[in-house]
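Have a look at the structure below, then the notes.
The values are calculated or read from the model by the stated rules, or taken from the named source; none is laboratory data. A quick note: this is a predicted structure, and the numbers were derived from the prediction, not measured. For neighbour counting, all protein chains shown are included, and Cβ atoms are generated from backbone atoms with ideal geometry for every residue, glycine included. Only protein heavy atoms, including side chains, enter the accessible area calculation; ligands, DNA and RNA are left aside. Shrake-Rupley method; radii C 1.70, N 1.55, O 1.52, S 1.80 Å.
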Amino acid sequence: MTGPDANMPQNNGQGTPQNTAQDTGHGVEQNELSRRDFLRRAAGASAIALAGAGLAAVLLDRQGPPASDAATSAKGLGDFSMAELRGKPGRMAIVRSEVRSRVDSGNAQPDRKAMLERALTALGGLGAFIKPGDRVLLKVNAAFATSPLLGATTHPDLVAAMAGLCLSAGAASVALTDNPIHSPESCFALTGIAEAAAKSGARVILPNEALFAPVSIPPSGNIGGRLIRDWPALAGAFKGVTKLIALSPVKDHHRAGASMTLKNFYGLLGGRRNVFHQDINGIIAELALLVRPTLCVLDGVSVMLTNGPTGGSLSDLKAMNVLAVSTDPVAADSFGMELLGRAVTEAPYITLAQTAGAGSADYTTLNPQFLDLGA
Amino acid sequence: MNAENQAGPRADNTKGLRPLLRIVAARRISQAFFVALTLWLCAVTTLGASFWRLSGWQVNFILQLDPLTALGTMLATRTWYAPLVWAVPVIVLTAFLGRAFCGFACPLGALNQTFGWLARRVTSKLPGSRGAALRARLADNRHSPWQAAKYYLLAFLLAAACFGSLQTGLFDPLPLLFRSLNMTLAPVLDAGFQALFLKPRHYASAWLLFAVFAGILGLNFLRPRFFCRFVCPLGALFGLLNRFAPWRVGKKGDAAHGECGNCTLCDTYCEGGCRPSGVLVASECLLCMNCLDACPQGRMTFAGRPSAGGEEHLPEPSRRGFLFAAAAGALSAPLWTIGGLAGQDGGTGKNPLLIRPPGALDEARFLSRCIRCGQCMRVCPTNVIQPALGEAGLEGLWTPVLNYRLGSSGCQVQCIACGNVCPTAAIRPLTLDEKLGQGKFAAKGPVRLGTAFFDRSRCLPWAMERPCLVCQELCPVSPKAIHTRTTFEPIRFGQAQLTGAQGARLGLTGLPKPTVNLGSGDYFLRPAGLVPMNSPEAGLRRINAATWTGQGQTFTLDAEPQPGQGWRTAPGSVVEVLVRLQKPYLDAARCIGCGVCEHECPIAGLRGVRVSYENESRSGPGRMLV
């Protein structure tokens, strides 16, 4: 506080004797500057003047501020689909299983890991999709901080199974992410996904503010270029990622018809994304273009038939014991509508996504393999 | 604290056994420990499983040591809440040893002492002014009759507490420090690291909270430990509790130590302004122990005998001032009630936005316990618990209130963190079963915080012909409290004439290009003027695609329009575009007031759905529904 005060007497001590000496030597020129003093002061004044003029010259802004300072947008989050399948029908396997007999649990469910392995084997093994060295990102649905029993989020068993299989297939790393509705830490913890990730060696990427960057969707047909325009998306989670796998539950959704794979990608958006509900089908169709997954797993083991997408009660769920693996997210969702007992037209975004070239709205065109796992 | 700066010989200290640690050094280590513990406990009051998160840490430990909190809640509620029994050892310690808490433990006291030292350390660097600095320091640390002020404040606060209005937390240094750390320093410092929070935290009136905190630290430039000496009601309580302390600081009078030279070095470094060189004001001694360290003759002791210089207990004891302050405090509590803001008599006058966290007691009992420490606001994972500025009236300044416009979501249904960190149970520690109305609480139903109300002049489907329904999607109860009724309504400028029809494809003319995407699945076509008799959906055909060309418009419908449903496809027939709207309604009996709908409503300013306190569980007779 008193630092400057401490220096002041010293300055005075230096300056005052000089002045008095000069004053006494040149009595007539009292109050006038000496040449040296003048030059010193002129140099200092020039330095300040030059600094001012220089700053103005260097930082001169002739245009004034633009209307918006939005950064340049990336075009989507990337295409992670298998190159050899682009433009061709995707591949799909559907597994049904009996409920595992477990005396100790009132909520017996079939073994998702066995179902996943069976479906992948039918598609040539996970090695056909994940190569050694791949960096895999799992897009889970962790939207709500609720128990996995309520079926509103991706089941932790499925997360652990997929992460484990990816690592066995030689993946260099497996990460998972979502930008949920509730607070992210609570969501990953209460859904059991954080624990599943820790057990299987996957890393949870929490949607830190710094991970969001603006993206735009280039128009494709009459989809795109309209809603996701310079909109913040979870781009940071995709850094270095070479494969994307979506793990989605099958849920009722009053506004959109259903929430499955494509709606799961809503969790890649940031900002006040809820404004897009005004055109829910348009936004979900754009999400199909925002990112193209390598694989999609649709978990129909316990399907939320009512009160979606939050559920909240076991009575909202129905055991269907089905799991589908597909390279085509649109086809996966069209199969999900069948699980929900609804026509594909009840979720118009599925047809819109097909029109935009994101996949097939009729999963039977993929000639899916139907497998039965038994008990 | 600066005894080591002075050059005088300390003859006595070198005699006999030299202690391992000088008492002043021990005090500094203890103070540093308690400051570090406070910071650590603040940092770990974050939900999470890792060891540096809320996982078994006694995050309220320092707050629970506070006898003023214990006494205040005891007077206001006539009970001693079990977690506050930690105050008992502090009371016992003070009764026998004096204000050891102030000198050795209080983290705000340590900060005050540090700031007072910083201010004077700089001053003493003035060249040639060492003598002046010492004189200034002596003047600063001289006992002042104004130190009685804190006793009057204590009397005011305790009298108010007797009548049910607990205001101690506003001035009590421990809640004050936690409040300041939780809501100003932690969020500001973490913004650069994001170690504690994923998103920047928001706290209403944070600037005012910080202004008070910074002001308290700044006052140390006027007098060292200004707050401790003149304001601190907890210090005043300690000053009363040490009335009969057998051990205290004092001057030795025996001739073996020679005459006291009245050098006043003990006064010069006295943190409490308790006049150790003369008639000691015992209640003001903070046990800083600087006098023991400063005395060149080693005459100052901490021992079981009165000071040779004489003793008095309180500064300027004025029974009249005491009674006056107590009377003012006793009057203040009923005066708050006159204001009617606390919702007495069935809730009239209460601010509709006064929504308390889940488990909060009814307003009167809540205000008899809340110490405004901000622990609930710190731990809330969604950051919706905010310090009240005006919502709860002046009496409820900085008490927790839910603001669903701030934060990352509403009140999370499966979260019970706030009640479980509340040190005084102003917010009761709920179990999940009790909050959700499960198990043995099934008959009672879930804890309700308020009720959502739709503003039909702002809600998109109600006011602007736009589908939306985010609120219904995120309503977390089952069955949802927000339900819908579907209507089909003609859009503005939505009429056109048919120019031709080929199956499901229609040619139209006269339809201006609308501002919405008619092919998005939400829009339908119907013969104009068709009055549906049996079903509101009669004659409706969903528009799958719509394109505009120079000549007119081409619509693709989901199926071929049927004459049996009222369609005429001859050129010139008039059709109209309708939007399918799912309009939200609220089933108040199912709404728990969690506010997710309000938080997520895309009408960012004044939301289209807003929660106010009506029907909250804690109100009892003030509930809305019967």
Output the antiparallel fraction of DSSP beta bridges having both residues in the range A:182-327, as a percent to the nearest 5. 75 percent
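From the helices alone, meaning DSSP H stretches of at least four residues, give me the mean residue ellipticity at 222 nm for chain B, per-run term -39500 (n - 2.57), in deg cm²/dmol to the nearest 500. Before the final figure, lay out the partial values.
On the way: 23 runs with 197 residues, N = 626.
Dividing the helical sum by the residues of chain B leaves -8500 deg cm²/dmol.
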Gain in length, residue B:32 to residue B:559, computed as 0.36 nm per residue apart minus the alpha-carbon separation, to one decimal in nm? 181.9 nm
Give the lysines reachable from residue B:252 as a straight Cα distance under 25 Å; neighbours fewer than 8 places away on the same chain don't count. B:15
For the protein assembly as shown, convex hull of alpha carbons as volume per residue, Å³: 266 Å³
Taking the 0 to 90 degree range and rounding to the nearest ten, how far is the long axis of helix B:206-218 tilted relative to the main principal axis of chain B, both from C-alpha atoms? 10 degrees
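Once the other residues with Cβ under 15 Å from the Cβ of residue B:186 are scored (Lys, Arg +1; Asp, Glu -1), what is the net sum? If you can, show how the numbers build up before the last one.
Values: positive: B:53, B:179, B:199, B:201, B:378; negative: B:190.
Value of the local net charge: +4.
What percent do you get for the relative contact order of chain A when only Cα pairs under 8 Å and 6+ apart count?
On the way: 739 pairs, mean separation 78.3, N = 375.
Normalised by residue count, the contact order of chain A is 21 percent.
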Ranked by GNM mean-square fluctuation in chain A (Cα springs under 10 Å), the top entry among A:91, A:226, A:62 is A:62
Accessible area in the full protein assembly, largest first, 1.4 Å probe, for B:216, B:416: B:416, B:216
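Note down the net charge around residue B:521, summing +1 for each Lys or Arg and -1 for each Asp or Glu among other residues with Cβ under 11 Å from its Cβ.
On the way: positive: A:255, B:542, B:580; negative: A:279, A:346, B:522, B:558.
Its environment carries a net charge of -1.
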Tell me, what ³J(HN,Hα) does each residue in the range A:41-52 have, in order and in whole Hz, if you take phi through Karplus 6.51 cos²θ - 1.76 cosθ + 1.60 with θ = phi - 60° and put x for Gly and Pro? 5, 4, 5, x, 4, 5, 4, 5, 4, 5, 4, x
Using a Förster radius of 45 Å, what is the FRET efficiency between residue B:515 and residue B:324 based on their Cβ-Cβ separation? Nearest 0.05, please. 0.05
What angle do you read, to the nearest 10 degrees and between 0 and 90, between the alpha-carbon axis of helix A:3-25 and the longest principal axis of chain A? 30 degrees
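With r defined as the distance between the Cβ atoms of residue B:85 and residue A:172 and R0 fixed at 56 Å, what FRET efficiency is calculated, to the nearest 0.05?
On the way: r = 55 Å, r/R0 = 0.98.
After rounding to 0.05, the efficiency reads 0.55.
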Formal net charge of residues neighbouring residue A:205 (Cβ-Cβ distance under 10 Å; K, R +1; D, E -1): +1
What whole number of Å gives the distance from the Cα centroid of the range B:567-599 to the Cα centroid of the range B:206-239? 58 Å
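So what is the calculated 222 nm ellipticity per residue for chain A, using -39500 (n - 2.57) for each DSSP H run with n of 4 or more, over all residues, to the nearest 500 deg cm²/dmol? Before the final figure, lay out each step's value.
Values: 10 runs with 120 residues, N = 375.
Rounded to the nearest 500, it is -10000 deg cm²/dmol.
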With all protein chains present and a 1.4 Å probe, the order of B:269, B:152 from largest accessible area down is B:152, B:269
With a 1.4 Å probe and all protein chains kept in place, how do B:51, A:238, B:226 rank by accessible area, largest first? B:51, B:226, A:238
In Å², nearest 10: area of residue A:259 left accessible to a 1.4 Å probe: 10 Å²
For the residue pair residue B:39 and residue A:55, what label-to-label distance in nm results when each label sits 7 Å from Cα along the Cα-to-beta-carbon direction? 3.4 nm
Taking the alpha-carbon centroid of each part, what is the distance from the range A:247-261 to the range A:313-348 in angstrom? 8 Å
Given bins 10 angstrom wide, list per bin the percent of all Cα-Cα distances in the range B:486-585, short to long. 16, 55, 26, 3, 0
Can you bin every Cα-Cα distance in chain A into 10 Å intervals starting at zero and give me the percent of pairs per bin, rounded to whole numbers? 5, 21, 28, 15, 5, 5, 6, 6, 5, 3, 1, 0
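Of the listed pairs A:318/B:440; A:199/A:243; A:199/B:440; A:139/B:199; A:199/B:480, which have alpha-carbon separations greater than 30 Å here?
Details: A:318/B:440 26 Å; A:199/A:243 21 Å; A:199/B:440 34 Å; A:139/B:199 21 Å; A:199/B:480 35 Å.
Result: A:199/B:440; A:199/B:480 exceed 30 Å.
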Tell me, what is the FRET efficiency for residue A:114 and residue A:362 to the nearest 0.05, using R0 = 30 angstrom and their Cβ-Cβ distance as r? 0.60
In the full protein assembly as shown, how much of residue B:171 is accessible to a 1.4 Å probe, in Å² to the nearest 10? 70 Å²
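Compute the Rg to Rh ratio over the range B:102-202 from the alpha carbon atoms, using the Kirkwood formula for Rh, and round to two decimal places. Could the numbers behind the result be given before it?
Working: Rg = 19.3 Å, Rh = 17.3 Å.
Over the Cα atoms of the range B:102-202, Rg/Rh equals 1.12.
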Give me the angle, in degrees from 0 to 90, between the Cα long axis of helix B:23-44 and the longest principal axis of the Cα atoms of chain B, rounded to the nearest 10. 10 degrees
Ignoring ligands and nucleic acids, residue B:368 exposes an accessible area, probe 1.4 Å, in Å² to the nearest 10, of 10 Å²
Expressed in nanometres to one decimal, the distance between label points 7 Å along Cα→Cβ at residue B:51 and residue B:302 is 3.3 nm
Over chain B, relative contact order from alpha-carbon pairs under 8 Å, at least 6 apart, %: 14 percent
